[in-house]
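Contents: one structure, followed by commentary.
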Amino acid sequence: DGGITQSPKYLFRKEGQNVTLSCEQNLNHDAMYWYRQDPGQGLRLIYYSQIVNDFQKGDIAEGYSVSREKKESFPLTVTSAQKNPTAFYLCASSATGGRVPYNEQFFGPGTRLTVL
Amino acid sequence: AQTVTQSQPEMSVQEAETVTLSCTYDTSESDYYLFWYKQPPSRQMILVIRQEAYKQQNATENRFSVNFQKAAKSFSLKISDSQLGDAAMYFCAYRSGRDDKIIFGKGTRLHILP
């Protein structure tokens, strides 16, 4: 089955520690995205990548970092510089370019991060 | 910058009835795509329906249909014969034809009353 996996589903960390959230896709999508979801805020874009070894900041990139060494993987690191890291994090992927006109995003199941 | 507005934070509908969720967007572009996503209690985001701006015909997927008013920049979602499984947060979303980023509204929580 093609899809997007995120692990773990729940993650607890102590304040001041960096933590890395995993995101893997086997949909052969070029683009991948990380979103943060807070109550009443909808989805806010943290980082996105349209091709391997390249990524761009989204609307709320401060305190986060990413890498894109493989097409299938787009891990997100929540650093100690992120002031309020407790949230639900969603990873998504999509095709790019005009061959697939809609290029809708497909989502993973999410990771709930709680910083104690 | 493009924006997506969902003016109804919460709505309720009786089972088997019809409900319409509102969405407006702001853009100066002519080439774009619109989506409705559903997020049930499991929090898995599921694409419900999509519409291309160039297509005048409203998209339909089984019990879900949209009313796309391009001039008014409105993209409402109609759910017919509401079922208990339709209870979820619904997000309206916009994608420019120039890039792959999607802009989401803040969502409407839909309750289905048995």
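No lab work stands behind these numbers, since they all come straight from the coordinates. Bear in mind the structure is a predicted one, so any value in this text is a computation, not a measurement. All Cβ positions, even for glycine, are placed from backbone atoms using ideal geometry, and neighbour counts span all protein chains on display.
Structure summary
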quantity	calculated
Efficiency of FRET between residue B:56 and residue A:9 - r from beta-carbon atoms, R0 30 angstrom, step 0.05	0.10
Computed label-point distance, nm, for sites residue A:67 and residue B:113 using a 7 Å Cα→Cβ extension	5.4
Along each principal axis, Cα extent of the stretch A:24-91, largest first, Å	32, 23, 17
Reach of residue B:70 by Cα under 20 Å, taken over lysines that are not fewer than 8 positions away in the same chain	B:55, B:78
Net dipole in debye of the stretch A:25-116 [+1 Lys, Arg Cβ; -1 Asp, Glu Cβ; about Cα centre; nearest 20]	100
Under 15 Å from the Cα of residue B:73 - aspartates and glutamates, other chains or at least 8 residues apart	B:26, B:29, B:31, B:52
Ascending count of other beta-carbon atoms within 10 Å, so fewest first, for A:60, B:49	A:60, B:49
R0 of 22 Å, Cβ-Cβ distance residue B:70-residue B:7: FRET efficiency to nearest 0.05	0.70
C-alpha center-to-center spacing [the stretch A:11-61, the stretch B:71-98] in angstrom	24
Rounded to the nearest 20 debye, dipole of the protein assembly as shown from Cβ charges on Lys, Arg, Asp, Glu	340
Magnitude of the charge dipole, chain B, Cβ model with Lys/Arg +1 and Asp/Glu -1, debye to 20	180
Sequence-distant aspartates and glutamates (8 or more away, or on other chains) whose Cα lies within less than 17 Å of residue A:70	A:24, A:30, A:54
Separation of the residue A:54 and residue B:20 label points, Cα + 7 Å toward Cβ, nm	4.3
Normalised alpha carbon radius of gyration of chain A [divisor 2.2 N^0.38 Å]	1.02
Size descriptor, Kirkwood hydrodynamic radius, that averages inverse alpha-carbon separations across the protein assembly as shown, Å	18.3
